[in-house]
Structure formats: structure tokens, C-alpha cells
Amino acid sequence: MRRILIQLDTDPHPSTFDRVVAVDAGIDEVFSYGAVTPQDIEPLVHGAMFTRGPQDLNSTAIFIGGADVTAGEKLLEAVTETFFGPVRVSVMVDSNGSNSTAAAAVLAARKHVSLSGTGALVLAATGPVGQRAVQLLAMEGASVRVASRSLQRAKQTCDAVAAAVPSARLTACETASNGGLESACRDVVVIIAAGAAGVELLPAERRRSIRTLKVAIDLNAVPPFGLTGVEMTDRAVERNGAICYGAIGIGGRKMKIHKAALQKLFEENDQVLDTEVIYRIGAALA
Ligand code: NAP
């Protein structure tokens with residue numbers, strides 16, 4: 001039975017990146033739909049549910065992508081509401097690569113330090129990737145400083161993560177001011193910089209002055225980088241006593257997780273691969 005992935009993208013043009021990864025993961029056919037809204041879901045999902053017999057439903061799966069993570073979550077809800085009983089197919093959500101990228105970053109940090117009880121800082125934590133990195137660090141038991149240029153946005157991110165991880169230990173931080181950035185960095189062990197492309201978030205002198213720092217990860221691949229002095233290709237490179245990763249250094253692991261999650265979709269017909277499940281898939285690869 002040929003393996004078919006139905007790509008539901010919230011952007012007008014379905015992501016070519018996600019299509020290429022699907023082909024490289026060995027999927028036979030990718031059916032791509034763009035500008036998908038919850039109103040479009042029912043017929044698209046019925047086409048997946050009612051075409052193959054129960055024993056073959058694990059050969060069809062759904063991938064939800066697109067730049068807008070909130071829109072992606074709404075599609076996921078609409079997709080799962082369309083299923084009933086055993087008549088369903090597996091579904092993965094990775095809008096903007098947020099789940100696979102955050103998983104790769106947190107798993108990289110976990111290789112070098114135990115995260116439980118550890119002080120972590122996520123810079124620019126309000127974006128799709130940053131928010132999921134906060135969620136995964138909190139799930140691992142870290143105390144997470146959630147940084148943004150705006151304290152209000154940082155607090156909103158804390159509220160969203162606390163809803164998903166009730167035990168989360170989170171502190172909202174404003175990092176637009178020098179004083180705010182200094183106190184956010186104080187005594188942290190892990191930093192993940194999840195800022196927009198081409199935005200510097202932490203000067204090198206400030207990073208070097210954090211004596212407790214053991215792992216520094218920058219996800220921004222467009223110069224200037226988020227953590228100045230951490231190179232894009234760094235992969236467990238020691239700099240001033242901290243193990244550093246740049247965006248390409250994390251990118252290889254992200255791709256492995258993305259492909260492994262796509263392959264996992266076709267093992268059973270009733271899986272929902274969200275932030276947490278994708279992280280567990282990544283952890284099993286490590
Ligand atoms: P995003 O939504 O574009 O931006 C994240 C946050 O950056 C924003 O919420 C904002 O936080 C802050 N920001 C935006 N413009 C800024 C500015 N001019 N100055 C200071 N801060 C600014 O990013 P994302 O989609 O979550 O992705 C995060 C990073 O991961 C990006 O650099 C992306 O390219 C990268 N990425 C890497 C990989 C990989 O495999 N390495 C994969 C996917 C994504 P506040 O407004 O709250 O301050």
C-alpha cells in the first residue's frame with residue numbers, strides 16, 4: 001500500500017520545505033493543500049478516512065504546517081474532531097518547524113546538563129519556537145526565565161505554557177533594557193536564543209560574563225546571530241566554558257526528528273504528534 005501524506009498548510013503556498021522533507025522521509029505521495037482553514041477540513045479529512053479499509057488506514061496520514069502556529073492548532077482541533085471511533089488517520093503538527101526545532105534544541109541541552117531544577121533562559125521566548133522550547137524545558141523540570149522585549153508578552157507566554165504544563169516553574173522577564181537583560185541572565189545554566197532571523201539578542205561580553213553558563217544555543221541562522229560569538233555551524237563547541245550550538249548545529253538534529261516523526265505517523269492510524277510526542281520521538285533517537 002502506497003504511503004500518502006496529506007499536507008494541510010495554513011499559508012497560501014504549501015511549504016516546499018515540508019514537502020521535500022516528506023519525500024526524503026520516504027513517503028510515496030504528498031498531497032498538498034494551501035490556505036486551509038478549519039471550515040475546509042471536513043471534506044479533506046473525509047477523503048483520508050473513507051478511502052482505505054481499516055487495516056490500511058495507517059498508510060494515510062496528515063501533516064499540518066504553515067507559518068501561523070495558532071492557525072495550525074485550530075486545524076489540528078478541526079481534524080481530530082472530524083475523526084470518529086477507529087475511523088481515523090495519524091496526524092502531526094509542526095507549524096513553522098516549531099515543534100521539531102524546539103525539541104532539537106532542548107535535547108541538545110539535555111545532552112550536556114540535567115535539566116531538572118536547572119536555571120534556563122529562553123530569549124525571544126514569545127515566538128513559535130521559543131514558546132515550545134519553554135514548554136519542553138518546563139516539562140523537564142527546569143526553572144525557566146521567559147524573556148521578551150515586552151514583559152506583557154513574556155507573561156502571556158508563561159500563561160500559555162502553564163496551561164499545558166501545570167507544574168511549570170516560569171518567570172517572565174523583560175530584556176529590552178540593559179538591566180532587564182542582566183537580571184534575566186544572572187546565574188543561568190542554559191540559554192536558548194529563539195529570536196527572529198537577523199536579530200542580535202545577547203552580546204558576546206554579556207554571555208562570557210555568565211559564570212554559571214554551561215550550554216548556549218542559538219537558533220537564528222541569519223546574521224547578525226542571536227548569541228554573538230556563537231557560530232552558525234557550532235555543534236557542541238566549547239566557548240568560554242560553555243558548550244555552544246548554532247542554528248546549523250541544531251538543524252541536523254531537527255531534520256532527523258522531523259523525518260522520524262513523519263515515519264512514525266505510518267506505524268499506527270490513531271496518533272497525534274504534537275509538541276510533547278515529537279519531543280519523545282526525538283529523545284528516542286538520541
Ligand atoms: P519569530 O516568531 O520570527 O521571532 C521570535 C521572537 O523574536 C519574536 O516573538 C520577538 O519576541 C523576537 N523579535 C522579533 N523581532 C525582533 C527584533 N527586531 N528585535 C528583537 N527581538 C525580536 O521566530 P520563530 O519562528 O519562533 O523562530 C525562532 C528562530 O528559530 C528564528 O530565527 C528561525 O529562523 C529559527 N529556526 C531555526 C530552525 C533550525 O533548524 N535551526 C528551524 C526553524 C526556525 P518579542 O517581541 O517578544 O521580543
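What follows draws every value from the coordinates through simple rules; no lab data is involved. Quantities reported herein were computed from a predicted structural model and do not represent experimental measurements. FYI the Cβ positions are ideal-geometry reconstructions off the backbone, even for glycines, and counts take in every protein chain you see.
Add +1 for every Lys or Arg and -1 for every Asp or Glu among the other residues with Cβ under 12 Å from the Cβ of residue 32, and state the total.
Cβ neighbours under 12 Å give a net charge of -3.
Contact order normalised by length for the chain, with contacts defined as Cα pairs under 8 Å and 6 or more residues apart; what percent is it?
Normalised by residue count, the contact order of the chain is 18 percent.
Go through the range 180-209 and name the trypsin sites (Lys or Arg not before Pro) that are in a DSSP coil and have 10 or fewer other Cβ atoms within 10 Å of their Cβ.
Passing both the DSSP loop test and the Cβ count: no residue.
Apply the Karplus parameterisation 6.51 cos²θ - 1.76 cosθ + 1.60, with θ equal to phi minus 60°, to every residue of the range 272-286 and state each ³J(HN,Hα) to the nearest whole Hz, in sequence, with x for glycine and proline.
Per-residue couplings from phi come out as 10, 8, 10, 3, 5, 5, 5, 4, 5, 4, x, 5, 5, 7, 5 Hz.
Using a simple charge model, +1 on the beta-carbon of Lys and Arg, -1 on the beta-carbon of Asp and Glu, nothing else, what dipole does the range 42-139 show about its Cα centre, in debye to the nearest 20?
Its charge dipole is roughly 380 debye.
Give me the net charge for the shell around residue 187: Cβ to Cβ below 13 angstrom, other residues only, Lys and Arg +1, Asp and Glu -1.
Spelling it out: positives minus negatives among the neighbours equals +3.
In whole Hz, what ³J(HN,Hα) sequence does the range 148-154 give by Karplus (6.51, -1.76, 1.60; θ = phi - 60°), x for Gly and Pro?
After applying 6.51 cos²θ - 1.76 cosθ + 1.60, I find 7, 5, 10, 4, 5, 5, 4 Hz.
Provide the per-residue ³J(HN,Hα) series for the range 217-225, in order, calculated from phi with Karplus coefficients 6.51, -1.76, 1.60 and θ = phi - 60°, each as a whole number of Hz, with x at glycine and proline positions.
Coupling constants for the range 217-225: 10, 10, 9, 7, 9, 10, x, x, 6 Hz.
Which cross-chain or sequence-distant (5 or more) residues have an amide H under 5 Å from the amide H of residue 172, H modelled 1.01 Å from N in plane?
Those qualifying (amide H under 5 Å, at least 5 residues apart or on another chain) are 146.
Looking at the calculated P(r) for the chain, what percent of the C-alpha pair distances fall above 28 Å?
Above the 28 Å cut-off, the chain has 36 percent of its Cα pairs.
5 Å is the cut-off here: which amide hydrogens, built 1.01 Å from N in the peptide plane, fall below it relative to residue 7, excluding neighbours closer than 5 in sequence?
It is 31, 32, 33, 63, by chain and number.
Can you give me the convex hull volume of the Cα atoms of the range 12-105, divided per residue and expressed in Å³?
107 Å³
Just to confirm the number: angle between the C-alpha axis of helix 69-82 and the first principal axis of the chain, 0 to 90 degrees, nearest 10?
Roughly 30 degrees between the two axes.
Beyond 15 Å, what share of the Cα-Cα pairs of the range 131-198 remains, rounded to the nearest whole percent?
Value for the range 131-198 (Cα pairs over 15 Å): 49 percent.
Roughly how many debye, to the nearest 20, is the charge dipole of the chain about its Cα centre, given +1 on each Lys and Arg Cβ, -1 on each Asp and Glu Cβ, and no other charges?
1100 debye
For residue 235, which sequence-distant residues (separation of 5 or more, or a different chain) have an amide H within less than 5 Å of its own amide H, given hydrogens modelled in the peptide plane?
So residue 235 has HN proximity to 246.
Would you mind pulling out the separation of the Cα centroids of the range 216-286 and the range 115-174, in Å?
18 Å
Could you name the aspartates and glutamates whose alpha carbon sits less than 13 Å from that of residue 155, not counting residues in the same chain fewer than 8 places away?
Correct list for residue 155: 174.
Once the principal axes of the Cα atoms of the range 101-250 are found, what is the range along each, listed largest first in whole angstroms?
For the range 101-250, the Cα spread along each principal axis is 35, 31, 26 Å.
Rank by packing, highest mean first: peptides 70-77, 192-199, with packing defined as the count of other Cβ atoms within 10 Å averaged across residues.
192-199, 70-77
When a footprinting reagent is the concern and you count Cβ atoms within 10 Å, what order do 84, 31 take, fewest first?
Lowest count first: 84, 31.
Counting only other residues whose beta carbon sits under 15 Å from that of residue 6, what net charge do I get with K and R as +1, D and E as -1?
-3
Under the Kirkwood approximation applied to all pairs of distinct alpha-carbon atoms, what is the hydrodynamic radius of the range 65-161 in Å?
One decimal place: 14.5 Å for the Kirkwood radius.
Of the DSSP beta bridges with both residues in the chain, give the percent that are antiparallel, rounding to the nearest 5.
Within the chain, antiparallel bridges account for around 10 percent of the total.
Using the count of nearby Cβ atoms within 10 Å as a rough guide to exposure, how do 101, 275 rank from fewest to most?
275, 101
Test of understanding: express the Cα radius of gyration of the range 1-53 as a ratio to 2.2 N^0.38 Å, with N the residue count.
Taking N as the residue count of the range 1-53, the ratio is 1.17.
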